[in-house]
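Comments concern the structure below.
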Amino acid sequence: MESSLTELQTLMENPDALRPRRNSLDDKDSTQLRAILREKNEKIAMLTAEFDAHRADFRSTIDTLEMASTETERVYEKRIEELMQEIRDHESRTDDVDSAQYALKKIRCPFGAESVAQAMREVDAYRLFGRTPGIIHAVDHAVASERGGGGDDPGAKTVYVLLPYYKRGNLQDLINANAVNNATFPERRLMLLFLGVCRALREMHHYTGTAGAPAPGAPSEPMEMGHGDEDDQGHGPRRGRAGVPDDEDAEAQEAPLMAPATHASSQPGGGGPPTSYAHRDIKPGNIMITDSGNAPILMDLGSLAASPLPITS
């Protein structure tokens with residue numbers, strides 16, 4: 001007991017004896033750890049400083065990209081709108097072309113220059129009567145070489161003639177339709193069609209340059225004959241219109257078809273002496289019917305020739 005008290009008194013008199021003793025190795029490890037922590041802290045501080053320094057650049061770059069994206073979007077939107085407008089303009093320009101119909105006549109010329117010359121004479125005839133009412137005119141024409149075509153002449157050509165399209169067809173088509181439907185032409189309509197052919201032939205036989213004729217390319221509707229009644233459309237004989245007495249209908253039948261006409265050659269500015277041409281191929285298949293159904297159009301001028309024709313044998 002006394003020895004314990006003596007030891008306790010000794011320790012109280014020397015407090016350093018209670019502290020744990022550290023050797024030199026512990027001090028060395030602590031120094032290294034502090035150095036490592038200091039190095040890491042310095043590196044973190046450096047990276048933080050670099051990030052702070054580049055943060056403004058990053059923000060500026062992002063703003064630039066956003067502006068560029070917005071501008072690019074605006075440019076593309078403008079270009080798309082321009083392209084759409086071009087498409088609309090193109091569609092508007094082609095509306096009339098798409099809605100119009102034409103007939104294309106193909107003339108093969110297998111015998112070289114002679115055949116081409118013959119075809120071009122027909123084209124010249126269409127041009128000659130391009131302003132004459134009641135005679136078909138050409139819209140345009142072209143001469144093309146045959147590709148890989150057979151025959152003796154490797155230079156064979158084809159002449160294409162673009163003509164107006166008449167949806168009602170020709171007089172032969174109407175005759176055939178009447179035969180199928182067991183119908184006949186109303187007498188007045190038949191006489192009016194015949195009169196239209198005679199008028200066209202008169203212009204051809206006394207050609208003076210067609211003073212007062214419509215401009216080239218204009219639809220040739222020389223006369224509107226009738227009012228589009230059913231009895232004027234070739235569906236059967238006239239039976240009298242509703243509300244019109246038969247005697248008035250008979251008077252309409254007896255009315256003169258054509259008032260006395262003065263030919264273009266006798267009108268002021270009608271041109272010089274008339275020149276005569278012969279069609280030489282008048283037949284129902286060569287008489288087109290206008291879309292109104294009331295006027296004839298002479299077509300197929302391939303056999304046209306100056307008249308009178310000299311006969312040598």
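Brief remarks on what is shown
- Within region 124-163, tally of residues that are small (G, A, S) and at pLDDT below 90: 8
- Of residues in region 268-296 being surrounded by 15 or more Cβ atoms within 10 Å (Cβ to Cβ) and in contact with a Phe, Trp or Tyr (Cβ under 7 Å, 6 or more places away or on another chain), the one modelled with the lowest pLDDT: P274
- Residue under evaluation S60, criteria (1) at pLDDT below 85; (2) surrounded by fewer than 10 Cβ atoms within 10 Å (Cβ to Cβ), criterion not met: (2)
- Scanning region 279-296 for residues that are on the phi < 0 side of the Ramachandran plot and part of a loop (DSSP other than H, G, I, E, B) turns up H279, D281, I282, K283, T290, D291, S292, N294, A295.
The values are calculated or read from the model by the stated rules, or taken from the named source; none is laboratory data. Just so you know, these numbers come straight off a predicted model, no measurement behind them. With ideal geometry, Cβ positions are generated from the backbone for all residues, glycine too; neighbour counts draw on all protein chains shown.
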